[in-house]
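Worksheet for the structure shown next.
Read-outs: derived from the displayed coordinates by stated rules, not from any lab. Because the structure is predicted, anything quoted here is derived from the model rather than measured. Neighbour counts are summed over all protein chains in view; Cβ atoms, including those assigned to glycine, are modelled from backbone coordinates with ideal geometry.
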């Protein structure tokens, strides 16, 4: 009866550990999706920062095509779009609500090439030398971009990234603490067994091995459950809130890495927590075991 009771208690503690690990890893998994989404939003905002290169009003089509091709060959370019002076006039007319060309009798606007940068180059330092590089081209008469917006975007995105990193670190610390306490309490009921094995001459490595092995298996089980739950939540959110675009937040490879990280974290957290908990009871004297 006693053996059955011990087995039942051990099984219950294992279930508790698996549930705790899975819940913690679900939170970390959803946080990972949030980080990926934040990165996706950040890249989207940065890649919509526009640099306008103004050309001569009488620029020839051959020169425009050659210039656009040379810009397209640059590593910092994401996309380019040629805007003729007629198209620029139509856009301005729509904004003003009146035909300023008819009023003036001519079109004062210049043709231009609108340049959109890759996210990695959409910062003040990179844009500064890109601007200078464009100005050095004799075919370009002027270069314009919103400097204040570039600074504001990078500052805000930097602040958001810092907040997410701090929040992630705090959550990970709390998660590890919760799992460690859960594992320590599960091993607490077997502290006399650990002490007995130690007294009969078993090495610490021998004593730790079954506990650590069981802990790792619990971590893997919890991670697999967490992956299923996290995936289900993401799919449900994507179905009901399609504007979030969660499924496209990263490619399949990145999401697979996120799932692999959940498994790795499940193994590492339970491994270290179990080893430390067993080590604590191994180092305690008999009086301390009864005092606990």
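The three principal axes of the C-alpha atoms in the chain carry coordinate ranges of 102, 39, 30 Å, sorted with the longest axis first. Computed over the chain with a Gaussian network model linking Cα atoms closer than 10 Å, the most mobile of 235, 23, 104 is 104. Between residue 260 and residue 176, the simple spin-label model (points 7 angstrom out along Cα→Cβ) gives 2.2 nm.
For region 50-145, the Kirkwood estimate of the hydrodynamic radius, built from every pair of different alpha carbons, is 14.2 Å. Set the Cα radius of gyration of region 96-202 against 2.2 N^0.38 Å, with N its number of residues, and you get 2.43. Summarising the label geometry, the points placed 7 Å from Cα in the beta-carbon direction at residue 40 and residue 19 lie 3.3 nm from one another. Secondary-structure-derived ellipticity at 222 nm for the chain, considering helices only, amounts to -25000 deg cm²/dmol, per-run term -39500 (n - 2.57) for DSSP H runs with n ≥ 4. So if we plug the beta-carbon distance of residue 217 and residue 167 into 1/(1 + (r/R0)^6) with R0 = 35 Å, what FRET efficiency do we get, rounded to 0.05? For residue 217 and residue 167, the calculated efficiency is 0.70. Short to long, the 5 Å bins of the Cα pair-distance histogram for region 39-83 hold 5, 17, 26, 22, 14, 9, 5, 3, 0 percent of all pairs.
Relative to the longest principal axis of the Cα atoms of the chain, the long axis of helix 85-96 makes an angle of roughly 70 degrees.
Could you tell me the calculated FRET efficiency between residue 146 and residue 62, based on Cβ-Cβ distance and R0 = 35 angstrom, to the nearest 0.05? Taking R0 as 35 Å, the efficiency between residue 146 and residue 62 is 0.70. In the chain, Cα pairs under 8 Å separated by at least six residues give a relative contact order of 29 percent.
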